[in-house]
Amino acid sequence: MQRLSFFLSCVSIITLIAAMGVPAYAQSDEADVRAVIDRLFDGMRAGDSTMVRSVLHEEALMARAGSQGLRIGPTDGFVRAVGTPHDEVWDERIWDVHISIDGRLASAWMEFAFFLGDTLSHCGVNSMQLYRTDEGWKIIYLADTNRPPTCEVPEEGP
C-alpha cells in the first residue's frame, strides 16, 4: 500500500510540474514579445527614435500593403520619421493581439487605429515577426495594411 501511495504521489508531482512549467515559460515569452510591441508604440507616441530602434533588429524590414500596392524596405526611414519633431502625437492603438511562438521565432497579429493627435488617420492590421536574440526579442519584419479611418476602435482602449 505504501508503494502505491508513493507511486501516486510521484505521478501527481510530475504531472503538476509538467502542467505548470511549460505554460509558465510560454506565458513569459508571450509577455516579453508583447512588451517589445508595446515599447515600439510607446516610442512612437513619445517621438523617441532611440526607443523604437531598441526593439528593431539591425536588419529589420517594413512592408506596407496599401491602395498603391506593396512597399518593402528597411526601417531606417521610419525610425528617422519617428525622431523628427512633429506637431501631432503619433498614437497607434492596438487591440486583438494574437501572439504565436515557436522556439526563437514569434509572430504577432493585431488590429490598429492610427491617430494624429486626437484625429483618427487610418486603420489596419499589423503583422510582426520577431526573433529572440541573446539580448531578447527583436522585431525582424513589420507589415501593415492601411485602410480609410472607418474602423471601430474599442472604447476601453488597446
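Results, tabulated for the structure shown:
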read-out	value
Label-to-label distance, nm, for residues given as Ala31 and Trp95 (7 Å Cα→Cβ offset)	2.5 nm
Over the stretch 100-142, relative contact order from alpha-carbon pairs under 8 Å, at least 6 apart, %	33 percent
In sequence order, calculated HN-Hα J values of the stretch 34-43 (Karplus, 6.51, -1.76, 1.60; Hz; x Gly/Pro)	4, 5, 5, 4, 4, 5, 4, 6, 5, x
Virtual spin-label span in nm between Ser107 and Ser67, 7 Å along Cα→Cβ	2.9 nm
Computed E for Glu155/Val125 - FRET, C-beta separation, R0 25 angstrom, nearest 0.05	0.80
His86 versus Glu58: modelled label distance in nm, points set 7 Å from Cα along the beta carbon direction	2.8 nm
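Only the coordinates and a few stated rules stand behind these numbers; no lab work does. Not measured: the values here are computed from a predicted model. With ideal geometry, Cβ positions are generated from the backbone for all residues, glycine too; neighbour counts draw on all protein chains shown.
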